[in-house]
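**Q** First the structure, which I've put down as structure tokens, then a few questions once you've had a look.
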Amino acid sequence: MKKIPPLSFCFFSFLSVLSFAQLPSPESQLGFQVGADRKLADWKEIISYFALLDKASDRLQMMEFGKSTGGRPLVLAVITSPQNFARLEDILNIQRRLADPRQVHPDSLASYLRRGRSVVMINCSIHSTEIAASQMAMELAYKLANAADATTQEILDNVILLLSPSSNPDGIQLVVDWYKKYLGTPYEGASPPWLYHPYAGHDDNRDWFMLNLAETKLITAALYHKWFPQILYDVHQMGDKGPRFFFPPFYEVSNPNIDPILLRSIMLIGGHVTTDLAANGFTGIATEWRFDTWWHGGMRSAPYYHNVVGLLSEAASCKLATPVEIKFEEIGGGGFGLLNAREFQTNFPEPWKGGWWRLRDIVDLELTASYSILTLAARYRDQWLHNFYRLGQRAIAKGRSDSPRSYVMPLQQHDPAAAQKSLDIMLLQGTEILRAKQSFVADGAHYPAGTFVIDLAQPYRNNIVTLFEKQKYPEKRRYPGGPLEQPYDVTGWTLPLQMGVQYFACSQEIRDLAADTLKNAFKLPAAQLSAGQFTLANVPSEKAEYFVVSPNSLDAYRLANRLLKNNQPVLWNRDRATEKNLAAGDLLIPAAQTSSEELMRAAENLNIDITNGTANANAWRLKQPRVGIYRSYAPTADEGWTRFVLDEFEFEYKTLEDGDVRRGDFVSQFDAIIFPDQTDSTILLGRRSDDDENKYPPEFTGGIGTVGLANVRHFVEQGGTLLALDSATRLFIRQWALPVVNELENVKASEFSAPGSLLRGIVDSNHPIAFGMPRETTLFFGNSAAFSVKDGKAIVKYPLQNPLLSGWLQGEAKIQGKAALVEVSLGRGRVILFGFRPQHRGQTYATFKLVFNSLWYAAAEDVNKGKSVIAEE
């Protein structure tokens, strides 16, 4: 082989350096430095810059892997050395095998550890007003693609970085557009008066086990079906008057299903990052503060149960890109673990002295932390890979030794649609699900062929257990006899309970009895089984007067809404018991007006059971309900989730904003109006026009006001139906003197507490609002309400025994026997008070029907009289 003379070598080295020097910097494309005062790049500019780097550098490839909820491209910038790109398929194959140690022959492990690379994901600005990380991502990518120093080269050689500029591009565009519109006005730097995710707002980081959103589905598929990272770093911001930066270790309440190796790894990285921050002169750095590792469902917490080190940082914010001046005496406490951010603590050894705080300060913190993580991932590559392998091994071993050994999901389910959805959720998270080829016995119970089995001897065992077991939040009080230390999020989230799905934990292994794995029986990113796994829509061939559909399956609501949209008649049986084999709430579809072919088209991909029935005059005629959803200019995620759930089940609705309610011209336009969970003062008063901290244009202030409240009452008195969810109930009970009392309203936190728990509810399933419900259900209760009813109908009550199913509950005697869901008449209409959140985060499938039935009830007409239903008959 011909050697290149030294002069030629120098020439080629010069060309290489020159090519790197010609890489476009963010500043050269944007016209300003990343993090400059009052300057922000929007989503189009961000991905345009990454596309330029893709073309100019052999260290970066931009990959689009789907579309956001709003249709914008979701992208990953994959950054590593050219040599690693050349053998990317080999590296991904190694990742896949290390993720499942059952695929690794002991003789191959050393080779995999030598040839493998640490995979790190850095996710930026999932919360779009926490805007700095989306800007920082461009500078981080440029540095890694351009720099020639030894540290950068070590990272490129040993790490594959998955850099997400934002997992919420819709919000980035909205926030930047809003900021630029009001730049230079008194409203500069305020957050937009709308949710920055089209459905979830801030809750887009609360969807990482339910996987409702397009973004969480796509990223989950990428994480646990393709890339299998060892480390995930989720970059956030917080308020401006506390510490300047939080980085783990986390606060002490931890979920026992997190492997100790992961908790130790978090400590290891935390020590490295915070030491680097201190060495670079940053102050105000907090650890072991406020943010815990109890809850499953966040972007950095869901990875723990997939054997990934999940990291979070929280930087103090400015006003989007506008600097803020903070005096030292304005810096306050920060909650658990750090009572005063002006004083020395072991976990806060160098307080910040106050002064101006800028977007660039945040960018510098996040850049330093990112480089520190990547350096550690590169330097101890073999350790990260080996521990990743060990974590899978330990999970499998625990699945074989600990009880339960498996979970069984019977075919006979009250709600087959919810059961199918729960399987889809687990499959997308990488769960291996088996289906019995033959009948079997487990723990003395007999199960037929076709039963679904989740054997726990698999790498993601901890994820399955954490979602299926009932949580018991550890009791930790601020002081002896004092109130419970509140969790960072909820205390209980057991998936089958929220879904209303029956399952059993088994102490024996069933793998030998149940075969036919479903692990790969779906296509990414949909990751769902074909419809009809529990009940397959099949129109009877015999002629009859009606097709009959049970309301037990949530898919019945999709079917009815499809038929109603096509102006095909649907009747709603109201009999409590009949001799004609009909149940209360059954849907009756006249065979003379809907052919079997039309019905099958409408029932496509639905889990429903269709039978035949004869005439039944005692029914209501369903109409498509005209639904309004109140949306405040002080936005709440509960409003977005309400829209999401109605969209999922094909209900139509319109939005009512504060000005619409004040004008009052909606009274004749709707059958039902929903007020989502929001405080009474926010609904009534909205944003203040005299708020010096966050000024808003006048059209975004004021709430519904007393005029709007009077208009809503007139709507109800004229025959409308009002649904008030959770905190919103307080406004209408107090302002309208409804004959209902919330028994928890003035109770001290030291006497009663249920901070995001799952409680048992007893259902009157003969009431139209509860048609299709079982006698017992699961309610999501977030320090919500419990009613005494003086005049009205209690549709759901708490039992006389302790109602706790999962999470934490103190003071249960105060709600035992009290009502959770109440119907109160007002004029010709009704108010339906939900003392819980029936559609919480799109997770509570068990109580969706209570909302859907309320909407149908509002618009149903008596078949004989042709009039709307005013009250239950």
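The values are calculated or read from the model by the stated rules, or taken from the named source; none is laboratory data. Since the structure is predicted, the reported quantities are computational estimates derived from the model, not experimental observations. Here Cβ is always computed from backbone atoms with ideal geometry, including for glycine, and neighbour counts include all displayed protein chains. Each accessible area value is taken on the protein alone, full model and side chains, heavy atoms only, with ligands, DNA and RNA left out. Shrake-Rupley method; radii C 1.70, N 1.55, O 1.52, S 1.80 Å.
**Q** Label-point separation (nm) for SER596 and ASN783, each offset 7 Å from Cα along Cα-to-Cβ?
**A** 5.8
**Q** Right, here's the next one. Using only the Cα atoms of region 236-310, what are the Rg and Dmax in Å?
**A** Rg then Dmax for region 236-310, in Å: 12.8, 37.
**Q** Here is a further query. Need the full-extension length gain, THR679 to GLU743, defined as separation in residues times 0.36 nm minus the C-alpha distance. One decimal, nm. List each step's numbers first, then the result.
**A** Details: separation 64, 0.36 × 64 = 23.04 nm, distance 1.70 nm.
Full extension of this stretch gives 21.3 nm more.
**Q** Cα atoms only, region 723-873: Rg and Dmax in Å?
**A** 15.2, 55
**Q** Here's something else I'd like to know. Looking at this model, which pairs from LYS39/LYS695; LYS748/LYS790; LYS437/LYS849; LYS241/LYS319; LYS319/LYS353 are more than 22 angstrom apart at the alpha-carbon?
**A** Flagged as over cut-off: LYS748/LYS790; LYS437/LYS849.
**Q** Which percent of the accessible area of region 720-873 is formed by carbon and sulfur heavy atoms (probe 1.4 angstrom)?
**A** On the way: 2080 of 4950 Å².
Carbon plus sulfur share of accessible area: 42 percent.
**Q** If you roll a 1.4 Å probe over the heavy atoms of the protein chains, what accessible area per residue do you get for the chain, in Å²?
**A** 37
**Q** I'd like to compare 289-300, 471-482, 699-710, 132-143: which one has the highest average count of other Cβ atoms within 10 Å, and what's the full order after that? Please report the intermediate quantities before stating the final value.
**A** Details: 289-300: 23.1, 471-482: 12.5, 699-710: 17.9, 132-143: 26.1.
By packing density, highest mean first, the sequence is 132-143, 289-300, 699-710, 471-482.
**Q** Rg (Å, one decimal) plus Dmax (Å, integer) for the alpha carbons of region 286-445?
**A** Over region 286-445's Cα set, Rg and Dmax evaluate to 23.5, 71 Å.
**Q** Excluding GLU604 itself, what net charge comes from residues whose Cβ is under 14 Å from its Cβ, given Lys and Arg +1 and Asp and Glu -1?
**A** Numbers: positive: ARG558, ARG562, ARG601; negative: ASP555, GLU597, GLU598, GLU650.
Result for the neighbourhood of GLU604: -1.
**Q** Can you list the residues, at least 5 places off or on another chain, whose amide H is less than 5 Å from the amide H of GLU485, using H built in the peptide plane?
**A** HN-HN under 5 Å from GLU485: LYS476, ARG477, ARG478.
**Q** With a 1.4 Å probe and every protein chain kept in, tell me what percent of the accessible surface of region 386-499 is carbon plus sulfur. Intermediate values should be presented prior to the final figure.
**A** Details: 1850 of 3870 Å².
Result for region 386-499: 48 percent of the exposed heavy-atom area is carbon or sulfur.
**Q** Okay, next question. Gain in length, VAL324 to ALA813, computed as 0.36 nm per residue apart minus the alpha-carbon separation, to one decimal in nm? Each step should come with its number before you reach the end.
**A** On the way: separation 489, 0.36 × 489 = 176.04 nm, distance 4.80 nm.
Result for the pair: 171.2 nm of gain on full extension.
**Q** Another one. Order ASP100, ASP37 by their accessible area, 1.4 angstrom probe, all chains in place, largest first.
**A** Details: ASP100 15, ASP37 55 Å².
So the residues, ranked largest to smallest area, are ASP37, ASP100.
**Q** Further question: Would you please give the FRET efficiency between GLN345 and TYR380, computed as 1/(1 + (r/R0)^6) with r the Cβ-Cβ distance and R0 = 30 Å, to the nearest 0.05? Walk me through the intermediate numbers first.
**A** On the way: r = 29 Å, r/R0 = 0.97.
It comes out at approximately 0.55.
**Q** Determine, from the Cβ-Cβ distance of ALA150 and ASN567 and an R0 of 60 Å, the FRET efficiency 1/(1 + (r/R0)^6), rounded to the nearest 0.05.
**A** Working: r = 71 Å, r/R0 = 1.19.
So the FRET efficiency works out to roughly 0.25.
**Q** How large is ³J(HN,Hα), in whole Hz, for each residue of region 675-687 in order, when computed from phi with the Karplus curve 6.51 cos²θ - 1.76 cosθ + 1.60 and θ = phi - 60°, using x for Gly and Pro?
**A** 9, x, 4, 6, 5, 5, 5, 5, 4, 6, 9, x, 7
**Q** Right, here's the next one. As a check on your grasp of the helix formula, calculate [θ] at 222 nm for the chain: sum -39500 (n - 2.57) over DSSP H runs of n ≥ 4, divide by the residue count, round to the nearest 500. Don't skip to the answer; put the middle values down first.
**A** On the way: 24 runs with 270 residues, N = 873.
Value at 222 nm, helices only: -9500 deg cm²/dmol.
**Q** Could you please state, rounded to a whole Å, how far the C-alpha centre of region 344-366 is from the C-alpha centre of region 737-783?
**A** Centre-to-centre distance over Cα atoms comes out at 43 Å.
**Q** What value in Å³ per residue do you get for the convex hull of the alpha-carbon atoms in region 664-735?
**A** Details: hull volume 6.9 nm³, N = 72.
Normalising the Cα hull of region 664-735 by residue number yields 95 Å³.
**Q** Let me ask you something else. Could you work out the local net charge near ALA321, counting Lys and Arg as +1, Asp and Glu as -1, over the other residues with Cβ closer than 10 Å to its Cβ?
**A** Details: positive: ARG38, LYS39, LYS180, LYS319, ARG358, ARG360; negative: ASP37, GLU188.
With Lys, Arg at +1 and Asp, Glu at -1, the neighbours total +4.
**Q** Something else: Show me 244-252, 443-451, 748-756 ranked by packing, highest mean number of other Cβ atoms within 10 Å first.
**A** Values: 244-252: 24.6, 443-451: 14.0, 748-756: 17.6.
Highest-to-lowest ranking by the protection proxy: 244-252, 748-756, 443-451.
**Q** Next question, about the same structure. Once fully extended, how much extra length lies between LEU88 and ALA51, figured as 0.36 nm per residue of separation less the alpha-carbon to alpha-carbon distance?
**A** Details: separation 37, 0.36 × 37 = 13.32 nm, distance 2.00 nm.
Stretched fully, the LEU88-ALA51 segment lengthens by 11.3 nm.
**Q** Based on the mean of other beta carbon atoms within 10 Å per residue, what is the order of 193-201, 648-656, most packed first? Show your work: numbers first, answer last.
**A** On the way: 193-201: 23.4, 648-656: 16.8.
Highest-to-lowest ranking by the protection proxy: 193-201, 648-656.
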